[in-house]
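Each remark here refers to the structure printed beneath this line.
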Amino acid sequence: METLGLALDTTFDDTSIAILRNHREILANFTLSQFADHEEFGGVVPERASRKHLEVSHFLIQQALDEAKLEFNDLDWVAVSNVPGLLGAILVGLSIAKSIAYLLEVPLIGINHIESHPYANILEHGEFPFPIVHLVAAGGHTLLIYQKHHFEWEIIGRSVDDAAGECVDKVAKLFGFPMPGGKMVDQAAMQHDPGPYEFPRPMLNDPGLDFSFSGLKTSLKYFHNDMPSDLDPGPVLSAFFESITDVLVQKTLRAAKQRKVSAITVSGGLAASKRLRTCFEKACRDQGLALFYPRPQLCTDNAAMVACLASYYFEAGRWDDYRLEGYPNLPH
Ligand code: KG4
Ligand code: ZN
């Protein structure tokens, strides 16, 4: 039986709307970045993010329906990311999703945004070969997830301070790049060798699966303070990114070994990095691990991945009622 679902993601500073047929056929996937609305403040202003979601959501939903050549009545379910993120921003998406589901009398499905990131790989490649380890390297989170089956997953490693993406963005800002600077740092890493520079690889020798990136950021801050103004930043950024990729790759491979899985996925905004991909490809080839990566536009925040996960919840009858709430933090 064919099913059609609408998903909304307003967890942070992007408004994303997608329409999916069954598990994998993306009929529409629109993301409106609020980047320009927050730029003058040097970071995302939560209330401004909520207002912007409210301003643009109806327009994006209509655009998605038009693109999919559908009407509201064609929808079988409505999903929304209700955790984690900025609470005010989440509540905007939640209210809209509840209203649509209520009026259409179709199931409402609350989705954990983090749980959905790896599902970008199902859109791209098909079903997961369970059991599997996922690295989610997003702007606000760096997490290792062990998943036995749909809905059965466990966080087995997380950053104890800054996320890798956050660290990369802050270092990029230090070197004068506009936010979010991940893409520019990635380009520097692809174009330059690290040369004589080497930065710490925090917690790499720690036997656990947790990460820490704030010490690395501080190292770069000290380096930048003492740096001659005419120094080429390319090799420095390349060496910095080498520390990031080394830690992410080695910890993910360690997780795969500990959990005895033969496949891993990488997702989240940082997964759009070409350098990180190259490092993972080499390491997985050497270890005989299957590696799954989504295309860059499905790495960064998007509602298609939310819709993909929601399609499994819909199929399993795991629906929510109208008391569904929003939560800013991931449960520990
Ligand atoms: O997943 P995402 O869009 O947002 C969150 O859910 O947090 O991730 C954003 C992060 C930022 O740190 C950004 O600099 C990084 O992903 N990023 C990249 C690239 N595109 C986005 N990092 C490296 N290379 C890229 N091409
Ligand atoms: Zn995300």
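So here's what we get for this one:
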quantity	calculated
All positions within region 237-286 that are polar (S, T, N, Q), within 21 Å of the chain's Cα centre (by Cα) and surrounded by 20 or more Cβ atoms within 10 Å (Cβ to Cβ)	Ser243, Thr245, Thr252, Thr265, Ser267, Ser273
Checking Gly85 against (1) away from ligand 1 (no atom under 16 Å from the Cβ); (2) assigned to a loop (DSSP other than H, G, I, E, B); (3) more than 23 Å from Glu281 (Cα to Cα), the condition it does not meet	(1)
Test for Val92: is it within 16 Å of ligand 1 (Cβ to nearest atom) and not assigned by TED's automatic domain parsing to the domain that holds Ala138	no
Residue match in region 51-71 (condition: farther than 23 Å from Gly326 by Cα, polar (S, T, N, Q), part of a helix (DSSP H, G or I) and assigned by TED's automatic domain parsing to the domain that holds Ile19)	yes
Matching residues, region 28-51, being in contact with a strand residue (DSSP E or B) (Cβ under 7 Å, 6 or more places away or on another chain) and under 13 Å from Thr10 (Cα atoms)	Phe30, Thr31, Leu32, Ser33, Gln34
Matching residues, region 276-306, being of a type in the set (Ser, Thr, Tyr) and in contact with a strand residue (DSSP E or B) (Cβ under 9 Å, 6 or more places away or on another chain)	Tyr293, Thr300
Extreme residue, surrounded by the fewest Cβ atoms within 10 Å (Cβ to Cβ), among residues of region 63-95 that are aliphatic (A, V, I, L, M) and over 24 Å from the mean Cα position of the chain (by Cα)	Leu70
Residue check, Phe12 among the aromatic types (Phe, Trp, Tyr), within 16 Å of ligand 2 (Cβ to nearest atom) and either in the same structural domain as Ile114 (by TED's automatic domain parsing) or not in a strand (DSSP E or B) (or both)	yes
Check on Ser311, buried (at least 23 other Cβ atoms within 10 Å of the Cβ) and either more than 30 Å from Ile17 (Cβ to Cβ) or more than 12 Å from ligand 1 (Cβ to nearest atom) (or both)	yes
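For (1) more than 16 Å from the chain's Cα centre (by Cα); (2) crowded, with 18+ Cβ neighbours inside 10 Å, each residue gets a yes or a no:
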residue: Glu152; (1), (2): yes, no
residue: Gly157; (1), (2): no, yes
residue: Ala164; (1), (2): no, yes
residue: Asp169; (1), (2): no, yes
residue: Phe177; (1), (2): yes, yes
residue: Gly181; (1), (2): no, yes
residue: Ala188; (1), (2): yes, yes
residue: Pro202; (1), (2): yes, yes
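Okay, residues lined up against (1) away from ligand 2 (no atom under 15 Å from the Cβ); (2) modelled with pLDDT under 95; (3) surrounded by 23 or more Cβ atoms within 10 Å (Cβ to Cβ):
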position: His113; (1), (2), (3): no, no, yes
position: His117; (1), (2), (3): no, no, yes
position: Phe130; (1), (2), (3): yes, no, no
position: Gly140; (1), (2), (3): no, yes, no
position: Leu144; (1), (2), (3): yes, no, yes
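The values are calculated or read from the model by the stated rules, or taken from the named source; none is laboratory data. Just so it is clear, the structure is predicted and the values come from calculations on it, not from any experiment. Note that each Cβ is placed from the backbone with ideal geometry, even for glycine, and that neighbours are counted across all protein chains shown.
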